[in-house]
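Please read the structure below before turning to the comments.
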Amino acid sequence: MDDNFWHNNIGPQYIEWWYVDARLNDNYYLAGSFGIWGNLKRPRSLVIRSDFLLTTPNGNTIDFGNSFDLSSFKASTTKCHVQLGNNVLENIEDKYNLRLCNGENNIFLDLSFRPACAGYKHIHYFDKNRCSFFAWVVPAPFAKFEGVLEKNGKKIYLIGSGYHDHNWASVSLDEVLGGWVWGRLHGDNDVLVFAKLQGKTSTLFSSLAWIKQNEMHSPKYQYLSCALEATDMKITTNALDWDLMVTNSQIEMKLAIEKKDDIAKNTKSPGYKRLISYGTGEIIHAGASHEVTGSIFHEFKELS
């Protein structure tokens, strides 16, 4: 996508991050991001970090997280290329490459992925005159992944499906947001991406994207993305699960999400959870009913 580059905002409350997740063979799950925030005119104020975690088949995690200084950060203002030390996310033609390093334990992950359908974006302006905004672009709502995990010289070959998005803002999120709910279902034949961004007093935007695989027709993936009214999406949560309902003129969806593993439980960010769960539900579109099931990456953040 045209907006998937470093925006190099020089405002005092700038924040930007690039997120990737993937469901891989043999129950490997990857989720995390490269992020930078603070005042670029005051390098000592900056926070630059990677928080990627790879969950392994036995339920353990490999931590690729680390903090960096500005001298270790490189990014392009014309295309997706961001580098933190030896960790890189880059877009070359129609393919993305992600390299993650845990040098202390001699572990390296190299993945490549190609988006299977078009992307989309949402930008909310708090004040256009002051260029006060929050942006969310999704260059890869659904992508095919392949790569290699190398541990102490032993290689494990990985394939699967995944997702990539990119967010940036020119404001302090604590000052303008009440929180957000976001998630993505990885099914065998379906992908769902849902999001709800909450301001201090109202919903700023809600959205749902549905990508359905169809081997018998061209294009191979049927794709529907719709912005929702605030009342179109209803989410109820408790300690064990979520219930997500979407109803508007284009689509109806009911999704029950059974929470499983909090893969960001060691994060220092208060009010934040990133989970791997399992979802089952139904989509009604164009008069037809579709069953959806699959693993879900989802997160929620509560801001003061």
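The values are calculated or read from the model by the stated rules, or taken from the named source; none is laboratory data. Nothing here was measured: the structure is a model prediction, and the numbers come from that model. Here the Cβ is made from the backbone with ideal geometry for all residues, glycine too, and neighbour counts use every protein chain on show.
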Quiz item: Do we have any residue at all in segment 70-88 that's small (Gly, Ala, Ser) and either closer than 30 Å to GLN198 by Cβ or buried (at least 18 other Cβ atoms within 10 Å of the Cβ) (or both)?
Solution: yes
Quiz item: If you check ASN39 against the conditions, is it closer than 24 Å to LYS144 by Cβ and either assigned by TED's automatic domain parsing to the domain that holds ILE10 or surrounded by fewer than 18 Cβ atoms within 10 Å (Cβ to Cβ) (or both)?
Solution: no
Quiz item: Of ASP188, ASP127, which residue is in contact (Cβ under 8 Å) with a residue 60 or more places away in the chain and either touching a Cys at 6+ places or on another chain (Cβ under 6 Å) or surrounded by fewer than 15 Cβ atoms within 10 Å (Cβ to Cβ) (or both)?
Solution: ASP188
Self-check item: Residues that are at pLDDT below 95 and in contact with a helix residue (DSSP H, G or I) (Cβ under 9 Å, 6 or more places away or on another chain), drawn from segment 141-159
Solution: LYS151, ASN152
Quiz item: If you check PHE145, PHE133, which single one turns out to be more than 30 Å from GLY279 (Cβ to Cβ), in a strand (DSSP E or B), outside the structural domain of GLY294 (by TED's automatic domain parsing) and not acidic (Asp, Glu)?
Solution: PHE133
Quiz item: Taking segment 139-170 only, how many residues are hydroxyl-bearing (Ser, Thr, Tyr) and within 19 Å of ALA209 (Cβ to Cβ)?
Solution: 2
Quiz item: Being in the same structural domain as ILE159 (by TED's automatic domain parsing), of a type in the set (Lys, Arg) and part of a helix (DSSP H, G or I), is that true of even one residue in segment 65-82?
Solution: no
Practice problem: Provide a single number: the residues in segment 10-36 that are surrounded by fewer than 21 Cβ atoms within 10 Å (Cβ to Cβ), out of contact with any Gly (no Cβ under 8 Å at 6 or more places or on another chain), among the β-branched types (Val, Ile, Thr) and in a strand (DSSP E or B). | Solution: 0
Exercise. Please indicate, with yes or no, whether at least one residue in segment 223-244 is farther than 22 Å from TRP136 by Cα and modelled with pLDDT of 85 or more.
Key: yes
Self-check item: When residues of segment 270-304 are limited to those that are under 22 Å from CYS226 (Cβ atoms) and touching a His at 6+ places or on another chain (Cβ under 6 Å), the one surrounded by the most Cβ atoms within 10 Å (Cβ to Cβ)
Solution: ILE283
Self-check item: Residue that is of a type in the set (Gly, Ala, Ser), in contact with an Asp or Glu (Cβ under 9 Å, 6 or more places away or on another chain) and farther than 19 Å from LEU158 by Cβ, where the choices are GLY35, GLY103, GLY59, GLY85
Solution: GLY35
Exercise. Find the strands (runs of 3 or more DSSP E) located wholly in segment 90-130 whose residues include 3 or more that are within 18 Å of PHE52 (Cβ to Cβ) and under 18 Å from the mean Cα position of the chain (by Cα), and list them.
Key: 95-102, 107-115
Quiz item: If you go through segment 26-46 one residue at a time, do you hit one that is of a type in the set (Lys, Arg) and either closer than 22 Å to PRO141 by Cα or at pLDDT 95 or above (or both)?
Solution: no
Quiz item: Does GLY187 satisfy being small (Gly, Ala, Ser) and modelled with pLDDT under 90?
Solution: yes
